[in-house]
Amino acid sequence: MLPNIPEIKHPERYADFDLPREKLEYALAEAVKKIDFALPTFTDKFPEHSSVNNVYAAVNNDRGWNTGFWTGILWHAYEMTGDEKYKKVALGQVPSYLKRIVEKLGVDHHDMGFVFIPSCVAAWKLCGDEDAKRAAILAADNLITRYNEKAGFIQAWGKVGAEDNFRLIVDCLLNIPLLYWASEVTGDEKYEKIAYTHFNTTVDLVCREDASTYHTYFFDTKTYKPLRGATHQGAFDNSAWARGQAWGSYGPMLTYIYKKNEKAMHIFKATTNYFLNYLPEDYIAFWDLCFTDGDDEPRDSSSNAIVLCAMLEGIKHMDECDPLKKIYINATKIIMNSLIDNYLTKDVPEANGLLLHATYGKPQKNGVDEMNIWGDYFYMEALHRMLDPDWKLYW
Ligand code: GLY
(Lines give C-alpha, C1' and ligand atoms only; values in the text may rest on other atoms or scores of the structure.)
Protein backbone atom coordinates (compact mmCIF):
# COMPACT_ATOMS: atom_id res chain seq x y z
CA MET A 1 0.00 0.00 0.00
CA LEU A 2 1.24 3.49 -0.80
CA PRO A 3 1.88 5.82 2.14
CA ASN A 4 -0.41 8.79 2.64
CA ILE A 5 0.91 12.13 1.44
CA PRO A 6 0.82 14.06 4.72
CA GLU A 7 -0.63 17.56 4.71
CA ILE A 8 1.96 20.28 5.23
CA LYS A 9 1.19 20.99 8.90
CA HIS A 10 2.21 24.65 8.92
CA PRO A 11 2.01 25.99 5.36
CA GLU A 12 2.73 29.49 6.72
CA ARG A 13 6.30 28.28 7.40
CA TYR A 14 6.68 27.80 3.65
CA ALA A 15 5.23 31.11 2.49
CA ASP A 16 6.74 33.12 -0.39
CA PHE A 17 10.39 33.90 0.21
CA ASP A 18 12.89 36.00 -1.70
CA LEU A 19 16.34 34.48 -2.11
CA PRO A 20 18.18 36.83 -4.45
CA ARG A 21 20.50 35.39 -7.06
CA GLU A 22 23.32 37.55 -5.63
CA LYS A 23 23.12 35.56 -2.40
CA LEU A 24 23.50 32.29 -4.30
CA GLU A 25 26.45 33.75 -6.17
CA TYR A 26 27.99 34.83 -2.89
CA ALA A 27 27.51 31.27 -1.55
CA LEU A 28 29.18 29.87 -4.66
CA ALA A 29 32.13 32.26 -4.26
CA GLU A 30 32.53 31.14 -0.63
CA ALA A 31 32.36 27.48 -1.67
CA VAL A 32 34.97 28.02 -4.37
CA LYS A 33 37.35 29.61 -1.82
CA LYS A 34 37.09 26.50 0.33
CA ILE A 35 37.46 24.14 -2.63
CA ASP A 36 40.61 26.00 -3.69
CA PHE A 37 41.92 25.76 -0.14
CA ALA A 38 41.34 21.97 -0.15
CA LEU A 39 42.48 21.26 -3.71
CA PRO A 40 46.24 20.76 -3.14
CA THR A 41 45.52 18.14 -0.42
CA PHE A 42 42.83 16.41 -2.42
CA THR A 43 44.35 16.18 -5.89
CA ASP A 44 45.68 12.63 -5.59
CA LYS A 45 43.96 11.87 -2.29
CA PHE A 46 40.34 12.13 -1.18
CA PRO A 47 38.61 13.58 1.87
CA GLU A 48 37.69 11.11 4.61
CA HIS A 49 33.90 10.63 4.97
CA SER A 50 33.62 13.06 7.91
CA SER A 51 35.81 15.74 9.38
CA VAL A 52 37.39 15.74 12.82
CA ASN A 53 37.12 19.20 14.35
CA ASN A 54 36.00 20.40 10.92
CA VAL A 55 39.08 19.15 9.07
CA TYR A 56 38.93 16.26 6.61
CA ALA A 57 41.86 13.86 6.66
CA ALA A 58 43.21 12.60 3.30
CA VAL A 59 42.61 8.97 2.24
CA ASN A 60 43.20 6.87 -0.85
CA ASN A 61 40.45 5.89 -3.25
CA ASP A 62 40.29 2.35 -1.93
CA ARG A 63 37.57 2.38 0.72
CA GLY A 64 34.09 3.40 1.77
CA TRP A 65 31.21 4.96 -0.11
CA ASN A 66 32.26 8.58 -0.27
CA THR A 67 35.24 9.30 -2.53
CA GLY A 68 33.00 10.06 -5.51
CA PHE A 69 31.53 13.08 -3.75
CA TRP A 70 34.77 15.05 -3.83
CA THR A 71 35.26 14.39 -7.54
CA GLY A 72 31.62 15.37 -8.00
CA ILE A 73 32.21 18.64 -6.16
CA LEU A 74 35.03 19.37 -8.61
CA TRP A 75 32.70 18.70 -11.55
CA HIS A 76 30.16 21.14 -10.14
CA ALA A 77 32.91 23.74 -9.56
CA TYR A 78 34.11 23.25 -13.14
CA GLU A 79 30.63 23.58 -14.62
CA MET A 80 29.70 26.63 -12.55
CA THR A 81 32.96 28.57 -12.90
CA GLY A 82 34.25 27.27 -16.23
CA ASP A 83 37.71 27.01 -14.64
CA GLU A 84 39.60 24.16 -16.33
CA LYS A 85 41.70 23.43 -13.24
CA TYR A 86 38.78 21.61 -11.61
CA LYS A 87 38.19 19.53 -14.72
CA LYS A 88 41.89 18.64 -14.87
CA VAL A 89 41.93 17.36 -11.29
CA ALA A 90 38.59 15.54 -11.65
CA LEU A 91 39.71 13.81 -14.85
CA GLY A 92 43.05 13.05 -13.20
CA GLN A 93 41.16 11.12 -10.52
CA VAL A 94 39.37 8.83 -12.99
CA PRO A 95 42.23 6.26 -13.17
CA SER A 96 41.92 5.75 -9.41
CA TYR A 97 38.27 4.74 -9.87
CA LEU A 98 39.11 2.35 -12.69
CA LYS A 99 41.88 0.80 -10.60
CA ARG A 100 39.52 0.58 -7.64
CA ILE A 101 36.85 -1.38 -9.50
CA VAL A 102 39.25 -3.53 -11.55
CA GLU A 103 41.27 -4.49 -8.47
CA LYS A 104 38.13 -4.64 -6.27
CA LEU A 105 39.45 -2.27 -3.63
CA GLY A 106 36.75 -1.61 -1.04
CA VAL A 107 33.84 -2.44 -3.36
CA ASP A 108 32.26 -5.35 -1.47
CA HIS A 109 29.13 -3.30 -0.69
CA HIS A 110 26.21 -1.72 -2.56
CA ASP A 111 27.38 1.89 -2.71
CA MET A 112 28.53 1.77 -6.30
CA GLY A 113 26.23 4.64 -7.29
CA PHE A 114 27.53 7.00 -4.64
CA VAL A 115 31.13 6.24 -5.59
CA PHE A 116 30.88 6.08 -9.38
CA ILE A 117 28.04 8.43 -10.42
CA PRO A 118 29.29 11.87 -9.30
CA SER A 119 32.82 10.92 -10.38
CA CYS A 120 32.82 8.63 -13.43
CA VAL A 121 29.33 8.95 -14.90
CA ALA A 122 29.85 12.71 -14.61
CA ALA A 123 33.28 12.43 -16.34
CA TRP A 124 31.70 10.47 -19.14
CA LYS A 125 28.71 12.78 -19.53
CA LEU A 126 30.80 15.96 -19.41
CA CYS A 127 33.96 14.86 -21.25
CA GLY A 128 33.14 11.53 -22.92
CA ASP A 129 35.92 9.88 -20.93
CA GLU A 130 35.96 6.20 -21.95
CA ASP A 131 37.88 4.96 -18.88
CA ALA A 132 35.26 6.61 -16.70
CA LYS A 133 32.48 4.89 -18.64
CA ARG A 134 34.23 1.54 -18.34
CA ALA A 135 34.74 2.00 -14.58
CA ALA A 136 31.08 2.90 -14.08
CA ILE A 137 29.82 -0.10 -16.09
CA LEU A 138 32.11 -2.41 -14.12
CA ALA A 139 30.70 -0.84 -10.94
CA ALA A 140 27.16 -1.57 -12.17
CA ASP A 141 28.23 -5.20 -12.81
CA ASN A 142 29.60 -5.33 -9.30
CA LEU A 143 26.39 -3.90 -7.85
CA ILE A 144 24.11 -6.48 -9.45
CA THR A 145 26.12 -9.34 -7.90
CA ARG A 146 24.41 -8.29 -4.65
CA TYR A 147 20.92 -8.76 -6.07
CA ASN A 148 18.80 -11.61 -4.74
CA GLU A 149 16.24 -12.57 -7.34
CA LYS A 150 13.97 -14.53 -5.01
CA ALA A 151 13.69 -11.68 -2.51
CA GLY A 152 13.84 -8.95 -5.15
CA PHE A 153 16.39 -6.66 -3.55
CA ILE A 154 20.05 -5.66 -3.60
CA GLN A 155 21.77 -6.52 -0.32
CA ALA A 156 23.54 -3.50 1.10
CA TRP A 157 26.26 -4.75 3.35
CA GLY A 158 28.16 -7.85 4.43
CA LYS A 159 28.53 -11.26 2.86
CA VAL A 160 25.82 -11.87 0.27
CA GLY A 161 23.09 -14.06 1.81
CA ALA A 162 24.41 -13.83 5.38
CA GLU A 163 21.57 -13.81 7.90
CA ASP A 164 22.84 -10.87 9.97
CA ASN A 165 22.91 -8.64 6.90
CA PHE A 166 20.13 -10.02 4.72
CA ARG A 167 18.39 -6.68 4.38
CA LEU A 168 17.81 -3.78 2.05
CA ILE A 169 18.43 -0.19 3.07
CA VAL A 170 16.72 2.98 1.88
CA ASP A 171 20.07 4.60 0.95
CA CYS A 172 20.40 2.20 -2.01
CA LEU A 173 17.74 4.18 -3.88
CA LEU A 174 20.63 6.50 -4.75
CA ASN A 175 22.76 3.62 -6.08
CA ILE A 176 20.24 2.23 -8.55
CA PRO A 177 20.46 5.18 -10.98
CA LEU A 178 23.84 3.65 -11.90
CA LEU A 179 21.90 0.62 -13.14
CA TYR A 180 19.36 2.66 -15.11
CA TRP A 181 22.29 4.49 -16.70
CA ALA A 182 24.15 1.23 -17.43
CA SER A 183 21.12 -0.11 -19.31
CA GLU A 184 20.96 3.06 -21.36
CA VAL A 185 24.60 3.00 -22.39
CA THR A 186 24.96 -0.77 -22.91
CA GLY A 187 21.49 -1.50 -24.28
CA ASP A 188 21.28 -4.40 -21.80
CA GLU A 189 17.96 -4.31 -19.92
CA LYS A 190 19.10 -6.51 -17.06
CA TYR A 191 20.47 -3.59 -15.03
CA GLU A 192 17.27 -1.58 -15.33
CA LYS A 193 15.08 -4.58 -14.42
CA ILE A 194 17.05 -5.22 -11.25
CA ALA A 195 16.99 -1.52 -10.37
CA TYR A 196 13.25 -1.24 -10.79
CA THR A 197 12.50 -4.42 -8.87
CA HIS A 198 14.73 -3.19 -6.07
CA PHE A 199 13.00 0.19 -6.13
CA ASN A 200 9.55 -1.39 -5.74
CA THR A 201 10.62 -3.83 -3.04
CA THR A 202 12.27 -1.01 -1.11
CA VAL A 203 9.53 1.58 -1.18
CA ASP A 204 6.82 -1.02 -0.49
CA LEU A 205 8.61 -1.95 2.74
CA VAL A 206 10.41 1.10 4.07
CA CYS A 207 7.61 3.65 3.67
CA ARG A 208 5.26 3.58 6.62
CA GLU A 209 1.64 4.65 6.31
CA ASP A 210 2.46 8.13 7.71
CA ALA A 211 5.27 8.51 5.11
CA SER A 212 8.09 8.21 7.60
CA THR A 213 10.67 5.60 6.62
CA TYR A 214 12.48 2.65 8.07
CA HIS A 215 16.20 2.77 7.47
CA THR A 216 16.57 -0.94 6.73
CA TYR A 217 14.35 -3.99 6.26
CA PHE A 218 15.41 -7.55 7.06
CA PHE A 219 14.42 -10.64 5.07
CA ASP A 220 14.28 -14.32 5.97
CA THR A 221 17.20 -16.15 4.35
CA LYS A 222 15.17 -19.33 3.84
CA THR A 223 11.74 -18.11 2.73
CA TYR A 224 12.97 -14.77 1.22
CA LYS A 225 9.98 -13.08 2.87
CA PRO A 226 10.33 -9.63 4.45
CA LEU A 227 10.71 -9.83 8.24
CA ARG A 228 10.97 -6.47 9.95
CA GLY A 229 12.11 -2.87 9.73
CA ALA A 230 15.16 -1.87 11.75
CA THR A 231 17.47 1.07 12.02
CA HIS A 232 21.23 1.25 11.82
CA GLN A 233 21.96 4.97 12.09
CA GLY A 234 18.64 6.27 13.40
CA ALA A 235 17.55 6.79 17.01
CA PHE A 236 14.95 3.99 17.09
CA ASP A 237 13.74 1.26 14.76
CA ASN A 238 10.44 3.11 14.44
CA SER A 239 11.71 6.68 14.17
CA ALA A 240 12.65 8.50 10.97
CA TRP A 241 16.44 8.86 10.70
CA ALA A 242 16.79 12.23 8.99
CA ARG A 243 19.17 11.13 6.27
CA GLY A 244 17.21 7.95 5.59
CA GLN A 245 14.15 10.12 5.08
CA ALA A 246 16.24 12.30 2.74
CA TRP A 247 17.36 9.28 0.70
CA GLY A 248 13.67 8.30 0.66
CA SER A 249 12.88 11.66 -0.90
CA TYR A 250 15.63 12.02 -3.53
CA GLY A 251 15.84 8.29 -4.38
CA PRO A 252 12.26 7.98 -5.71
CA MET A 253 12.68 11.25 -7.60
CA LEU A 254 15.72 9.79 -9.38
CA THR A 255 13.76 6.66 -10.30
CA TYR A 256 10.97 8.94 -11.52
CA ILE A 257 13.38 10.57 -13.97
CA TYR A 258 14.10 7.22 -15.62
CA LYS A 259 10.69 5.55 -15.28
CA LYS A 260 8.20 8.45 -15.20
CA ASN A 261 6.11 6.32 -12.82
CA GLU A 262 3.42 7.96 -10.70
CA LYS A 263 4.29 5.71 -7.76
CA ALA A 264 7.76 7.25 -7.51
CA MET A 265 6.29 10.77 -7.69
CA HIS A 266 3.77 9.87 -4.98
CA ILE A 267 6.46 8.48 -2.65
CA PHE A 268 8.66 11.53 -3.27
CA LYS A 269 5.86 13.89 -2.23
CA ALA A 270 4.94 11.78 0.80
CA THR A 271 8.46 11.45 2.21
CA THR A 272 9.33 15.06 1.41
CA ASN A 273 6.24 16.41 3.16
CA TYR A 274 7.05 14.30 6.21
CA PHE A 275 10.58 15.74 6.24
CA LEU A 276 9.32 19.33 5.91
CA ASN A 277 6.81 18.79 8.71
CA TYR A 278 9.52 17.82 11.19
CA LEU A 279 12.02 20.60 10.62
CA PRO A 280 12.85 22.76 13.63
CA GLU A 281 12.76 26.54 13.80
CA ASP A 282 15.81 27.14 11.58
CA TYR A 283 14.62 24.50 9.07
CA ILE A 284 17.74 22.32 9.44
CA ALA A 285 16.93 18.78 10.58
CA PHE A 286 18.12 17.13 13.73
CA TRP A 287 19.88 13.84 12.98
CA ASP A 288 16.68 11.97 13.67
CA LEU A 289 13.32 13.61 12.95
CA CYS A 290 12.04 12.50 16.35
CA PHE A 291 14.11 15.34 17.85
CA THR A 292 13.25 19.01 17.69
CA ASP A 293 13.97 22.43 19.19
CA GLY A 294 15.00 22.12 22.82
CA ASP A 295 16.48 18.64 22.41
CA ASP A 296 20.18 18.50 23.15
CA GLU A 297 20.98 16.67 19.92
CA PRO A 298 23.13 17.47 16.89
CA ARG A 299 21.74 18.36 13.50
CA ASP A 300 22.35 16.68 10.17
CA SER A 301 22.61 19.49 7.63
CA SER A 302 23.51 16.91 4.96
CA SER A 303 19.95 15.59 5.01
CA ASN A 304 18.67 19.07 4.12
CA ALA A 305 21.13 19.33 1.23
CA ILE A 306 19.82 16.02 -0.13
CA VAL A 307 16.16 17.01 0.17
CA LEU A 308 16.95 20.33 -1.48
CA CYS A 309 18.16 18.42 -4.54
CA ALA A 310 15.09 16.20 -4.44
CA MET A 311 12.72 19.18 -4.37
CA LEU A 312 14.66 21.11 -7.02
CA GLU A 313 14.32 18.11 -9.32
CA GLY A 314 10.72 17.40 -8.28
CA ILE A 315 9.41 20.87 -9.11
CA LYS A 316 10.59 20.38 -12.70
CA HIS A 317 8.15 17.49 -13.08
CA MET A 318 5.15 18.65 -11.02
CA ASP A 319 1.95 20.07 -12.51
CA GLU A 320 1.55 23.84 -12.31
CA CYS A 321 -1.77 23.30 -10.52
CA ASP A 322 -0.26 21.07 -7.83
CA PRO A 323 -0.34 23.20 -4.63
CA LEU A 324 2.72 21.38 -3.34
CA LYS A 325 4.80 22.81 -6.16
CA LYS A 326 4.68 26.31 -4.70
CA ILE A 327 5.41 24.97 -1.21
CA TYR A 328 8.50 23.16 -2.50
CA ILE A 329 9.73 26.19 -4.44
CA ASN A 330 9.46 28.28 -1.28
CA ALA A 331 10.98 25.53 0.87
CA THR A 332 14.06 25.27 -1.36
CA LYS A 333 14.71 29.00 -0.97
CA ILE A 334 14.05 29.04 2.78
CA ILE A 335 16.26 26.01 3.48
CA MET A 336 19.07 27.19 1.22
CA ASN A 337 18.93 30.59 2.88
CA SER A 338 19.25 28.99 6.31
CA LEU A 339 22.24 26.90 5.18
CA ILE A 340 23.95 29.99 3.75
CA ASP A 341 23.28 32.12 6.82
CA ASN A 342 24.24 29.66 9.53
CA TYR A 343 25.96 26.53 8.25
CA LEU A 344 28.82 27.64 6.00
CA THR A 345 32.47 27.17 6.98
CA LYS A 346 33.52 30.66 5.91
CA ASP A 347 34.28 31.73 9.50
CA VAL A 348 36.14 28.52 10.35
CA PRO A 349 39.54 29.12 8.73
CA GLU A 350 40.85 25.57 9.23
CA ALA A 351 37.75 23.94 7.72
CA ASN A 352 38.51 22.28 4.37
CA GLY A 353 34.89 21.52 3.50
CA LEU A 354 31.68 23.44 2.91
CA LEU A 355 28.87 22.67 5.34
CA LEU A 356 28.95 22.55 9.13
CA HIS A 357 26.77 20.57 11.56
CA ALA A 358 26.21 17.30 9.76
CA THR A 359 26.08 13.90 11.44
CA TYR A 360 27.17 10.60 9.92
CA GLY A 361 26.14 8.08 12.60
CA LYS A 362 25.21 9.20 16.10
CA PRO A 363 24.71 5.66 17.48
CA GLN A 364 28.17 4.74 16.14
CA LYS A 365 29.64 8.03 17.49
CA ASN A 366 30.89 8.62 13.97
CA GLY A 367 31.20 12.09 12.47
CA VAL A 368 28.80 13.70 14.95
CA ASP A 369 28.24 17.44 14.43
CA GLU A 370 31.00 17.59 11.82
CA MET A 371 31.22 18.23 8.11
CA ASN A 372 30.64 15.24 5.89
CA ILE A 373 31.59 15.02 2.26
CA TRP A 374 28.16 14.09 0.91
CA GLY A 375 26.65 17.07 2.72
CA ASP A 376 29.18 19.23 0.87
CA TYR A 377 28.42 17.46 -2.42
CA PHE A 378 24.63 17.79 -2.27
CA TYR A 379 24.95 21.39 -1.11
CA MET A 380 27.03 22.11 -4.26
CA GLU A 381 24.53 20.23 -6.42
CA ALA A 382 21.68 22.24 -4.90
CA LEU A 383 23.52 25.53 -5.46
CA HIS A 384 24.20 24.47 -9.04
CA ARG A 385 20.55 23.55 -9.58
CA MET A 386 19.40 26.92 -8.19
CA LEU A 387 21.86 28.92 -10.27
CA ASP A 388 21.20 26.87 -13.40
CA PRO A 389 17.83 25.09 -13.44
CA ASP A 390 18.85 23.50 -16.77
CA TRP A 391 21.79 21.68 -15.18
CA LYS A 392 22.10 18.18 -16.70
CA LEU A 393 22.15 15.56 -14.00
CA TYR A 394 25.08 13.24 -13.30
CA TRP A 395 22.61 10.74 -11.71
N1 GLY B 1 24.64 5.81 2.94
C2 GLY B 1 25.09 5.86 4.26
C3 GLY B 1 24.65 7.05 5.01
O4 GLY B 1 23.82 7.83 4.55
O5 GLY B 1 25.16 7.21 6.10
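At-a-glance table
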{"read-out": "Using θ = phi - 60° and Karplus 6.51 cos²θ - 1.76 cosθ + 1.60, couplings along the range 7-17 (whole Hz; Gly, Pro as x)", "value": "4, 6, 5, 10, x, 5, 6, 10, 6, 3, 8"}
{"read-out": "For the range 86-101, Karplus couplings with θ = phi - 60° (6.51, -1.76, 1.60), whole Hz, Gly/Pro x", "value": "5, 4, 4, 5, 4, 5, x, 8, 4, x, 5, 6, 5, 4, 4, 7"}
{"read-out": "Extension gain (nm, one decimal) between residue 52 and residue 326, 0.36 nm per residue minus Cα-Cα", "value": "94.8 nm"}
{"read-out": "Whole-percent carbon and sulfur share, accessible surface of the range 48-172, 1.4 Å", "value": "50 percent"}
{"read-out": "The range 217-351: mean projected area of Cα convex hull, nm²", "value": "10.7 nm²"}
{"read-out": "Net length gained if the chain between residue 44 and residue 292 were fully extended (0.36 nm per residue, minus Cα distance)", "value": "85.2 nm"}
{"read-out": "Loop-resident sites, the range 318-395, for trypsin sites (Lys or Arg not before Pro), counting at most 14 other Cβ within 10 Å (DSSP)", "value": "365, 392"}
{"read-out": "Cα pair count fraction exceeding 18 Å, expressed as % - the range 69-127", "value": "30 percent"}
{"read-out": "Which of 128, 69, 249, positive extreme of dipole for the chain (C-beta unit charges)", "value": "128"}
{"read-out": "Distance histogram in 10 Å bins (all Cα pairs of the chain, percent per bin)", "value": "5, 25, 36, 26, 7, 0"}
{"read-out": "Percentage relative contact order, the chain, counting C-alpha pairs under 8 Å, at least six apart", "value": "20 percent"}
{"read-out": "Cα-Cα P(r), the range 293-364, percent of pairs per 10 Å interval", "value": "17, 39, 30, 12, 2"}
{"read-out": "Sequence-distant aspartates and glutamates (8 or more away, or on other chains) whose Cα lies within less than 13 Å of residue 316", "value": "388, 390"}
{"read-out": "Cβ-defined net charge surrounding residue 35, 12 Å radius [Lys, Arg +1; Asp, Glu -1]", "value": "-1"}
{"read-out": "Simple label model, 7 Å out from Cα along Cβ direction - residue 230 to residue 387, nm", "value": "4.4 nm"}
{"read-out": "Cα-based equivalent ellipsoid, the range 264-326: semi-axes from gyration tensor eigenvalues, Å", "value": "25, 11, 10"}
{"read-out": "Bins of 10 Å, starting at 0 and running to the largest distance - Cα pair percent for the range 177-270", "value": "16, 42, 33, 8, 0"}
{"read-out": "Per-residue SASA entry for residue 81, accessible area with 1.4 Å probe, Å² rounded to 10", "value": "60 Å²"}
{"read-out": "Given 190/263; 33/259; 193/365, the pairs whose alpha carbons are separated by over 31 Å", "value": "33/259; 193/365"}
{"read-out": "Diffusion constant of the range 103-188 at 25 °C, which comes from Stokes-Einstein with the Kirkwood Cα-pair radius and 0.890 mPa s, µm²/s", "value": "185 µm²/s"}
{"read-out": "Karplus (6.51, -1.76, 1.60) ³J(HN,Hα), θ = phi - 60°, over the range 125-139, in Hz, Gly and Pro reported as x", "value": "5, 7, 10, x, 6, 6, 5, 5, 4, 4, 4, 5, 5, 4, 5"}
{"read-out": "Rg/Rh (Cα only; Kirkwood hydrodynamic radius) as it applies to the range 52-162", "value": "1.02"}
{"read-out": "For the chain, built as a Gaussian network whose Cα springs stay under 10 Å, the top-fluctuating residue of 244, 375, 158", "value": "158"}
{"read-out": "Within-11-Å neighbourhood charge of residue 192 [Cβ basis; K, R +1; D, E -1]", "value": "0"}
{"read-out": "Spacing of the two label points (7 Å from each Cα toward its C-beta) at residue 59 and residue 162, in nm", "value": "1.8 nm"}
{"read-out": "Local net charge near residue 282, Cβ-Cβ under 10 Å (Lys/Arg +1, Asp/Glu -1)", "value": "-2"}
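The values are calculated or read from the model by the stated rules, or taken from the named source; none is laboratory data. Just so it is clear, the model here is predicted, and its values are computed rather than measured. Here Cβ is always computed from backbone atoms with ideal geometry, including for glycine, and neighbour counts include all displayed protein chains. Just the protein is used for accessible areas: all its heavy atoms, side chains included, with ligands, DNA and RNA removed. Shrake-Rupley method; radii C 1.70, N 1.55, O 1.52, S 1.80 Å.
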